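Everything below concerns the one structure shown next.
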Number of protein chains: 2
Amino acid sequence: MGALHAGHERLMETARRDSDVLAVSIFVNPLQFGPNEDYARYPRPLSHDLETCERNTVDLVFAPSAEEMYPVPQLISVDVGRLGEYLCGKSRPGHFRAVATVVMKLLNIVRPKRAYFGEKDLQQLTIIRRMVADLNLNVTIVGVPIVRETDGLALSSRNKYLNAEERKVAPVLYRALQGAASQVRSGEKDTSKVREVALAVLANVPLIRVEYLEIVDPDELQPIATIGGPVRIAGAIWVGATRLIDNVSA
Amino acid sequence: MGALHAGHERLMETARRDSDVLAVSIFVNPLQFGPNEDYARYPRPLSHDLETCERNTVDLVFAPSAEEMYPVPQLISVDVGRLGEYLCGKSRPGHFRAVATVVMKLLNIVRPKRAYFGEKDLQQLTIIRRMVADLNLNVTIVGVPIVRETDGLALSSRNKYLNAEERKVAPVLYRALQGAASQVRSGEKDTSKVREVALAVLANVPLIRVEYLEIVDPDELQPIATIGGPVRIAGAIWVGATRLIDNVSA
């Protein structure tokens, strides 16, 4: 979606190492924003983005208009079923359907051998992997680890929305997830206890509202009750009017 | 879906003329049959089908098992929206979602330059064309005209289900559609009057029950009230326990 930051640059570096030809798509997809979401104000610094692409030796930038992507009303879409119903999907109905649909379109237009997605948007990555498997798409999906600020805040184009005070408290999400992960690593199997520890870190922090914090299975990201293997811990919080997400492995 | 007849052979001949390499898929897709439909009894004469393919100089037959096509539960599917809600979709909920999904899978596995579909399954063809456009699939869809018996009955693998008596009355669907088309050609604009003429042809014919008979726009197959350009006239009838469909242009 553009507004490229060091997390996107990590995608480019990783892809560059693997590939002869490196393409980047920049498209703020109107269909994946809800009516009360930030489509209009989402940052679109195109010339800055093109410089970032050039600096990273990108061969091709695909930056279509909405009219180019949706010349007629989109009647056919990719239904992601229950994978889009929990975590971020709970508060963003239709979001992952629109993400899967636009990614399918972009993959069919650009036709990469491999496509690189950041692990910050873990549910997106999970759904895209499953879409590729279930619909037999001819592409390999590569997940790229989250890039963080020195204080732990996961890089996101939406971090730009934070004022100084909000920016200062924002890393608490990562600290809460780390707290949960260390509980899991020390052997806690009961996810309600793990959540309690993480939620305690977030409690009473000014400007913060928790949307969700869940311990999920790593394949489908379904919230689980008892830990019996590797898990992901994923959270979404509001810092003032800005929604941030993050996740860690444990 | 195999049970290949002269309609399928017409697809092969048309594709053969255009192409260096000709592939045929044979797969009776369990997901596109409703719980009370004919999945179990649908004919599967594989060795006869392979002979038909050989006679038509087919280079490659892809005849996977259901386990090969659906190794894990299919969570992601192609949602066809309102295009799957009328005509055949009305009595077959989920049918066109399953058709679009399996066609997407087959196209991604076989990766043809062009794919050929019969016009008898007009709603299927319409939905596949729109799927290709909306999701930017890299394939050209070619529609191939209906092949008929000398008495007008459209070829279908399901004609095998008809006993002698049923087979005798089955062509009445085509005659009804022709009656409607000739009304349209002589200038009738009111589709309710056109339908009346067609339904009169079907009324009181033994063994016949009409499921639908509609005058529709040729792009999305939506039933229309007033004719202002080219139309399709599509019908579905039951002959005893067998469901038959057909359509004509006007």
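The values are calculated or read from the model by the stated rules, or taken from the named source; none is laboratory data. Quick caveat: nothing in here was measured; it's all calculated off a predicted structure. Here the Cβ positions follow ideal geometry from the backbone for every residue, glycine too, while neighbour counts run over all protein chains shown.
Observations
- Residue check for B:Pro218: over 23 Å from B:Ser91 (Cβ atoms) and in a loop (DSSP other than H, G, I, E, B): no
- Selection within region A:74-95 - within 14 Å of chain B (Cβ to nearest Cβ) and within 27 Å of A:Ala23 (Cα to Cα): A:Gln74, A:Ile76, A:Ser77, A:Val78, A:Asp79, A:Val80
- Checked against the criterion of being in contact with a Lys or Arg (Cβ under 8 Å, 6 or more places away or on another chain) and not basic (Lys, Arg), the candidates B:Ala98, B:Ala23, B:Ala66, B:Ala3 yield just one match: B:Ala3.
- Selection of region A:194-223 for residues being farther than 18 Å from A:Ala181 by Cα and either in contact with a strand residue (DSSP E or B) (Cβ under 6 Å, 6 or more places away or on another chain) or of a type in the set (D, E, K, R) (or both) yields A:Leu207, A:Ile208, A:Arg209, A:Glu211, A:Glu220.
- Residue within region B:149-159 that is at the interface with another protein chain (Cβ under 10 Å from one of its Cβ atoms) and under 16 Å from B:Ala234 (Cβ atoms) present: no
- Of the helices (runs of 4 or more DSSP H) lying entirely inside region A:1-79, those containing at least 1 residues that are within 18 Å of the chain's Cα centre (by Cα) and in contact (Cβ under 8 Å) with a residue 24 or more places away in the chain span A:6-18.
- Just so you know, in region B:156-166 the residues that are assigned to a helix (DSSP H, G or I) and in contact (Cβ under 8 Å) with a residue 12 or more places away in the chain include one that is farthest from the chain's Cα centre (by Cα), and it is B:Glu165.
- Of all residues in region B:127-142, those that are within 20 Å of A:Leu106 (Cβ to Cβ) have Cβ atoms under 7 Å from Cβ atoms of residues that are part of a strand (DSSP E or B) and among the basic types (Lys, Arg), 6 or more apart or on another chain, in B:Val139/B:Arg114.
- Complete set of residues in region B:120-155 that are assigned to a strand (DSSP E or B) and not hydroxyl-bearing (Ser, Thr, Tyr): B:Ile141, B:Val142, B:Gly143, B:Val144, B:Arg148, B:Ala154
- One residue from A:Val184, A:Val205 being surrounded by fewer than 20 Cβ atoms within 10 Å (Cβ to Cβ) and either within 22 Å of A:Asp151 (Cβ to Cβ) or at pLDDT 95 or above (or both): A:Val205
- Set side by side, the residues B:Gly89, B:Gly118, B:Gly152, B:Gly84 differ, and just one is at positive phi and within 18 Å of the chain's Cα centre (by Cα), which is B:Gly152.
- Listed by first and then second residue, the pairs with beta-carbon distance under 7 Å, at least 6 apart or on different chains, first residue in region B:103-125 and over 13 Å from B:Val144 (Cα atoms) and within 14 Å of chain A (Cβ to nearest Cβ), second among the aromatic types (Phe, Trp, Tyr) and part of a helix (DSSP H, G or I), are B:Gln123/B:Phe96.
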